[in-house]
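Notes follow once the structure below has been shown.
FYI, it's all coordinate maths here, none of it is from the lab. These numbers come from a predicted model, not from an experiment. Neighbour counts run over all protein chains shown; Cβ positions are idealised from the backbone, glycine included.
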Amino acid sequence: MSSAAEKHAGGIDEAVKRLVSRAANSHGISPDDLKPRINSALEKYLFKDEPTAEHHKVISFIDEIHADDLCLIVACEKGDDKAWEDLVANFDSTVKSAARNITSNTEDAEDLASSIWAELYGLRQDADGNKKSKLAYYSGRGSLAGWLRAVVSQLAVDQYRKQSKYVQIEETRDFENLAEESSNHSGNDMVVHHGQSPEELFSEQETGEDVSAALRTAIDSLEAEDKLILKLYYFDDLKLKDIAATFGYHEATASRKLVRIQTEVRKCVEKELKKHHGWSDGEVKKYLADAATKLGVNLEKMLALLVLVALMQDFIG
């Protein structure tokens, strides 16, 4: 907490309590749950330009925050399934309407809307395996509906920039090449290829075998439906909305399920490497990061490619 926030600490605490009491449905969120978010918003939007802001401005800032919207978002971040159901039920039409206003046809609008829910739930992970969700950027200063429309617009711009500058890797082509090359290999060899041989990807064959064995254990431990979801997403290259339709639920639910499965696979791989192969925490993090660097991709995509190879051995072999 900055010196500016410390100066108003007592008033901030009381204002945050009022904020929670203002919410028609707080989703079980407490003032302590909200204080980090409120302090962050104060630092970013008030104290940055006015480090000596008067007390009444600080209190007014908090009193203007949209209580119901912020409580809903923080509950979603905490993994509250009911909050997620409410978010989708109340704002799916907002997301789809914004997507239709930006895109030129219905198919593109549906794809963009699906991407939004994936971004909100957090399909990406940081180096420590934590989800990276756009929900973290919602401060409550404006309406949630307005913020979601802005997120849709920004994602559309980002996608256009990546496509126009050929920055985005064509994942379908990557996976097709991977499948073609790896189908010629068998046994315990680590069969990931991306313009490099297994020897170039992994510094030692034994290390590669450890990861391969750990990944196999992780895949085998999944429920049948979870394996099928991974197959549809990575191997068959289905979009989240198509996977959701297959199982009869919303694409936001498909996003959440995919994140859960990805997290379970990663945690299982790390656990297996440490428990059965004698790796330390440092070796696990350093090796996986080094392997991703050699592939020229991020850690998340490297693990996805490894999962794809394991799935091919299930569905092709």
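Observations, loosely collected:
- Exposure proxy shown here: for Tyr45, Tyr287, the number of other Cβ atoms within 10 Å sets the order, fewest to most, as Tyr45, Tyr287.
- Vicinal HN-Hα couplings computed from phi for the stretch 26-32 (Karplus, 6.51 cos²θ - 1.76 cosθ + 1.60; Hz; Gly/Pro x): 7, 6, x, 6, 9, x, 5
- For the stretch 3-65, the residue among His55, His8, Ser30 whose Cα projects farthest onto the positive side of the dipole built from Cβ charges is Ser30.
- Taking amide H positions as modeled 1.01 Å from N, with prolines and chain starts lacking one, the residues under 5 Å from Leu238 and 5 or more places away or on another chain are Tyr233.
- Shown for Ser60, Ser212: other C-beta atoms within 10 Å of each C-beta, ranked fewest to most, produce the order Ser60, Ser212.
- Residue-count net charge about Asn25 - beta-carbon cut-off 12 Å; Lys, Arg +1, Asp, Glu -1: -2
- Cα gyration tensor shape for the stretch 20-109, rounded if a/c is under 1.5, else prolate or oblate: oblate
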